[in-house]
1. Ignoring GluC sites (Glu not before Pro) that are buried or in helix or strand per DSSP, and keeping those with at most 15 other beta carbon atoms within 10 Å, what is the longest stretch of the chain between them?
2. Can you tell which of Ile329, Gly12, Leu251 lies farthest toward the positive end of the dipole of the chain, using +1 and -1 charges on the Cβ of basic and acidic side chains (Lys, Arg; Asp, Glu)?
3. Find the centroid of the Cα atoms in segment 137-180 and in segment 251-265, then give the distance between the two in whole Å.
4. Quick check: residue separation of Lys5 and Arg316 times 0.36 nm, minus the Cα distance between them. What number comes out in nm?
5. With each pseudo-label sitting 7 Å past Cα toward Cβ, what's the Lys92-Val268 distance in nm, one decimal?
6. How are the alpha carbon pair distances in segment 102-151 distributed across 5 Å bins from zero to the largest one, expressed in percent?
7. I'd like to know which of Ser99, Leu138, Ser114 lies farthest towards the positive end of the charge dipole of the chain, counting +1 on Cβ of Lys and Arg and -1 on Cβ of Asp and Glu.
8. If the only charges are +1 at each Lys and Arg Cβ and -1 at each Asp and Glu Cβ, what is the size of the charge dipole of segment 238-375 around the Cα centre, to the nearest 20 debye?
Amino acid sequence: MPIEKIAILGAGNGGCAAAADLTLRGFEVRLFSRTDKTLLPIMKRGGITLVEGGAEKFAGLFFVSPLIIPVVTGADFLIVAAPAVAHEYLAKSIAPYLSDGQIILLNPGHTGGSLHFAQLLRSFGCKVDFRLCETVTLTYICRMPEPARVEVYRRTTNLRCAAFPGKHTEELVRKVGAVFPNIVAAANVMETGFSNINAIMHPAGMLGNTGWIEKTGGDFYYYREGITPTIAAWIEEIDEERLEIVNRLELSPLRFIDIFYQAGLTSVDARASGSVYRAINESEPNRTIKSPATLDHRYIKEDVGYGLVPMAEIGRLMEVKTPVMDALITLASVALGIDFRSEGLTLEKMGLGGVRPEQLDGILKNGFDASTGSA
């Protein structure tokens with residue numbers, strides 16, 4: 001059956017961009033957020049204004065609600081467009097109301113997101129035959145300059161997508177591709193998870209700019225001013241550690257700069273130079289994005305706790321040392337007063353506690369319970 005009814009869980013930048021775009025393309029879109037402040041302007045206007053390529057269009061959404069049950073019930077396709085820190089809440093909220101055949105897309109999956117989400121649904125008693133997949137990053141590079149209005153700078157190209165269990169990837173990429181035609185199949189959710197460019201670059205940028213952020217309240221351009229040659233060197237070291245884990249996982253190694261380029265985020269010349277500093281500074285879609293106003297932001301909470309932590313955890317499983325990742329995790333923990341090593345996405349939370357390296361491939365392909373084929 002083709003996808004017709006879409007539930008979007010999360011009304012941030014990516015969720016609102018998807019809601020507006022998919023509505024304008026003829027899908028029946030239902031939008032959920034648990035934050036009334038986020039939804040009220042959309043409900044008052046009756047939809048969202050989408051600005052892209054100089055054109056401005058108004059999308060009148062089918063249904064907008066702070067109640068998750070009517071949004072999820074009867075939907076063909078659920079898009080989780082929310083920070084990874086919200087995954088537990090969302091999984092618990094939807095677990096009793098899912099039905100056979102529904103497709104869930106984590107947009108994005110961050111690192112280990114599908115493993116975590118599947119484990120959460122199981123723990124909350126969900127036994128239906130759903131399908132679960134994730135993308136590397138958001139489908140839209142976008143920002144909301146004001147409530148109920150979203151500006152799309154670019155649609156992410158060559159967006160890798162994988163299912164968990166991986167045996168469903170071909171089927172889901174075909175179905176989801178009818179909604180997001182820019183997606184391409186990845187080998188498994190380790191490939192998508194270890195292509196998490198936000199985890200590679202945001203923690204270094206945030207922690208390296210701590211003084212500037214605290215002094216100015218984020219009044220500078222995060223990418224073209226905040227990513228200096230030294231911070232870019234930290235990012236390169238993180239990338240080297242990540243690539244060593246990717247090699248141990250027997251996946252195709254792809255440098256940060258190549259992932260960044262394939263997503264449409266930098267120039268051909270910058271990629272050819274091999275310079276991470278140049279690639280980020282020549283990122284046209286990110287050119288006008290300002291820094292977060294505080295360290296208490298998803299660029300640390302999400303990209304450390306649900307990015308660097310699971311990368312380092314899987315590195316530990318695969319016996320790869322990650323000293324630069326570990327240093328940034330420690331600094332972030334001190335800066336925010338959060339023990340990210342325990343609060344973040346550990347092997348146990350991903351359902352991989354006690355798993356041996358040689359067992360990992362079978363889990364990625366067939367799920368936690370290979371006997372039933374369920375996630």
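The values are calculated or read from the model by the stated rules, or taken from the named source; none is laboratory data. Quick caveat, the model's predicted, so the values are computed rather than measured. Here the Cβ positions follow ideal geometry from the backbone for every residue, glycine too, while neighbour counts run over all protein chains shown. All accessible areas refer to the heavy atoms of the entire protein, side chains included, with ligands and DNA or RNA removed. Shrake-Rupley method; radii C 1.70, N 1.55, O 1.52, S 1.80 Å.
1. Segment 5-224 is the longest.
2. Gly12
3. 16
4. Values: separation 311, 0.36 × 311 = 111.96 nm, distance 4.13 nm.
Result for the pair: 107.8 nm of gain on full extension.
5. Computed distance between label sites Lys92 and Val268 equals 5.1 nm.
6. Going out from 0 Å in 5 Å bins, segment 102-151 shows 5, 18, 21, 17, 13, 11, 10, 5, 0 percent.
7. Final value for the positive-end residue is Ser99.
8. On the way: 15 positive and 21 negative charges, 45 e Å.
Charge dipole of segment 238-375: 220 debye, to the nearest 20.
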